[in-house]
1. What spacing in nm lies between the two simple spin-label points modelled at residue 100 and residue 37, each 7 Å away from Cα in the Cβ direction?
2. Which FRET efficiency value, to the nearest 0.05, do you get for residue 330 and residue 64 by plugging their Cβ-Cβ distance into 1/(1 + (r/R0)^6) with R0 = 45 Å?
3. Kindly identify the stretch 47-121 as rounded, prolate or oblate by the Cα gyration tensor criterion: order the square roots of the eigenvalues as a ≥ b ≥ c, call it rounded if a/c is under 1.5, otherwise compare a/b with b/c, prolate if a/b is larger, else oblate.
4. Treat each spin label as a single point 7 Å out from the Cα along the C-beta direction, and report the residue 109 to residue 176 distance in nm.
5. Which order do the peptides 104-111, 41-48, 225-232 take when ranked by the mean count of other beta-carbon atoms within 10 Å per residue, highest first?
6. Neighbouring Cβ atoms within 10 Å as the yardstick, rank 252, 273, 53 fewest first.
7. Show me the ranking of peptides 345-354, 79-88, 152-161, 235-244 by mean Cβ neighbours inside 10 Å, starting with the highest.
8. First check a/c for the stretch 327-373, with a ≥ b ≥ c the square roots of the eigenvalues of its C-alpha gyration tensor; if it is under 1.5, answer rounded, and if not, answer prolate when a/b is larger than b/c or oblate otherwise.
């Protein structure tokens, strides 16, 4: 009997949200769990059919290994949503209909039945669930197995949302709100940057069950690390938001060798022709929305910077200004659709990263030692940028939020000049940061090693 128990694999079911920015880190988590206990841990990723390709693309980035081969994929049906074409099951692919996917995902009546059927069918030994699927803690409890909530964003943003819940006066005319109960200087956030669930009481009522679901879980895991957000990690562990807190990031480590998992990607070949540390990499994630006017001004700013750039663009139907590609020539490369971001950031030719401040992008850039120029476009990235800037003010140079930047613009010429000036002013700082970061490129950290106690609650991080 003892030998049979020792030979049994630990079956972990991982359930990500319907977005590439969530599926990627959940897949990275599965790889790390499998690598931590080779032959012992058997992770299974549960996704809807149209999102299987996202999981496979992330696994391909990790390359062939015992860990990736140990990972299984299970599917469950996507809920029926009026107005969505068949097969559109990911926020990144939904465009203007993304709100339909989000609303369906957090609707317990729509999404829970299929997930519950799969959990009961597979009967795992443990469940990792995206924080949006708060009902899975109840299902796991019924089965007598632990459930861990997993957040792809860090503790600063999580705490900001939790502390602002119920504190925002929806009828107030104030342009800014102050995040209560935060250590250090006041954190002020423009009201225009707050998500709808904090500005509208009816939406906030839908947010409360998520917080209750986290408190029911065995623990709450984050794709962040203690050195990055120490005071916020310790505050989260002390404040009673969860029974246990685990800080596991950056889950994208180890970074692949340049081009190792990118196959014959044209952008990797192009980077190979550029001098070391000379290229600015521009990418705004899989979901952030940018207007055509903003894209045009960014294109002209990159042209006027006279610096090499690699711009990954996810905007269907948009075309750069007439003659732009001819004028830029071989100095710049425009990539439409997906690009191997971790391989790009690991490439020695990349000297800086212009980013929307998505959590995964911030962590991948930090792990690669690439300085960042920040342009947050929605609340999570905006609050992430604030947290990072407060902790490592020299890591990022902000060029304003999506709303604030629009309010301060005074004409096209000024906008172009600002992009050119931002690049020139930041280049020497970026070069110094890149050299320091290159020295810190690290091997994969050990997973979930207890590092200290805070307020009597377990605090765990990757070291």
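Coordinate-derived values only; no laboratory data. Keep in mind the model is a prediction, meaning the values are calculated, not measured. Here the Cβ positions follow ideal geometry from the backbone for every residue, glycine too, while neighbour counts run over all protein chains shown.
1. Going from the residue 100 label point to the residue 37 one covers 4.2 nm.
2. On the way: r = 34 Å, r/R0 = 0.75.
Once the sixth-power term is evaluated, E becomes 0.85.
3. Oblate, because a/c is 1.5 or more while a/b does not exceed b/c.
4. Computed distance between label sites residue 109 and residue 176 equals 4.2 nm.
5. 41-48, 225-232, 104-111
6. Details: 252 27, 273 9, 53 12.
Fewest-to-most Cβ neighbours within 10 Å comes out as 273, 53, 252.
7. Values: 345-354: 23.7, 79-88: 12.3, 152-161: 25.6, 235-244: 18.2.
Ranked by mean Cβ neighbours within 10 Å, highest first: 152-161, 345-354, 235-244, 79-88.
8. Working: a/c = 1.85, a/b = 1.60, b/c = 1.16.
Prolate is the answer for the stretch 327-373, as a/c is 1.5 or above and a/b outweighs b/c.
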